[in-house]
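Okay, structure first, notes after.
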Amino acid sequence: MPYIKKEQRAKFDKALDQITDIPTKGELEYCLYALMMKFMTGKEYRYSVLHDCTYAAIHCGDEFRRRNLDHREHAAILENGDIGLNLDREQPTGEKPHPMLCVSHGGSGACEMVNILHGFTCPKCLEEENEFGKSR
């Protein structure tokens, strides 16, 4: 996840603020690749380091999707209806629909949609509500 301490962000934010516009996908990809190469500077080209570099980019893409695309897809499903999947039916595993983690607690957009469609609440959200209620 792209979360570092606020004190650590300042040095990167100062440099990133110098970039005022990235108008195309190709230019965005160039910038991401250049940052990945900057990360690799002075490091050994070992599997673990290359893996860290690659997966840092993938995890940032995952976080961007969770925060931006998933919500738009949920809104479109609610506005236009689902594509006809019958989520009430028993799943091939024999598992019936049940409350799942929401996106904020590490669940996927699909998990959150199951909760919405069935009127379920994320178990972690319920725990937090109970904790908050007890602390009053």
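The values are calculated or read from the model by the stated rules, or taken from the named source; none is laboratory data. Owing to the predicted nature of the structure, the values given are computational and were not obtained by experimental measurement. Neighbour counts run over all protein chains shown; Cβ positions are idealised from the backbone, glycine included.
Starting from the stretch 57-77, keep only residues that are over 27 Å from TYR33 (Cα atoms), then list their pairs with residues that are of a type in the set (Asp, Glu) and part of a helix (DSSP H, G or I) whose Cβ atoms are within a distance under 7 Å, requiring at least 6 positions of separation or different chains.
Taking only residues 6 or more apart or on different chains, the pairs are HIS74/GLU112.
Of the numbered conditions (1) modelled with pLDDT under 85; (2) touching a helix residue (DSSP H, G or I) at 6+ places or on another chain (Cβ under 8 Å); (3) over 30 Å from GLU29 (Cα atoms), GLY94 fails exactly one; give the number of that condition.
(2)
Using beta carbons and a limit of 7 Å, which pairs, at least six apart or on different chains, have the first residue in the stretch 15-36 and over 19 Å from THR54 (Cβ atoms) and the second one of a type outside the set (Ser, Thr, Tyr) and loosely packed, with under 12 Cβ neighbours inside 10 Å?
Pairs found: ILE22/LEU28.
For the list (1) surrounded by 10 or more Cβ atoms within 10 Å (Cβ to Cβ); (2) in a helix (DSSP H, G or I), I need the number of the one condition that ASP82 fails.
(2)
When you check LYS25 against the structure, is it within 22 Å of the chain's Cα centre (by Cα), closer than 23 Å to GLY106 by Cβ, among the charged types (D, E, K, R) and surrounded by fewer than 11 Cβ atoms within 10 Å (Cβ to Cβ), yes or no?
No.
Given the conditions (1) at pLDDT 85 or above; (2) assigned to a loop (DSSP other than H, G, I, E, B); (3) under 13 Å from the mean Cα position of the chain (by Cα), and given that TYR3 satisfies all but one, which numbered condition is not satisfied?
The single condition TYR3 does not satisfy is (1).
Checking GLU63 against (1) assigned to a helix (DSSP H, G or I); (2) modelled with pLDDT of 95 or more: exactly one of these is not met. Which one?
Checking GLU63 against (1) assigned to a helix (DSSP H, G or I); (2) modelled with pLDDT of 95 or more, the one that fails is (2).
Please go through the stretch 28-49 and pick out each residue that is surrounded by 10 or more Cβ atoms within 10 Å (Cβ to Cβ) and farther than 20 Å from CYS60 by Cα.
Across the stretch 28-49, the qualifying residue is only LYS43.
Collect the residues in the stretch 18-40 that are over 19 Å from PHE64 (Cα atoms) and among the charged types (D, E, K, R), keeping them in residue-number order.
LYS38
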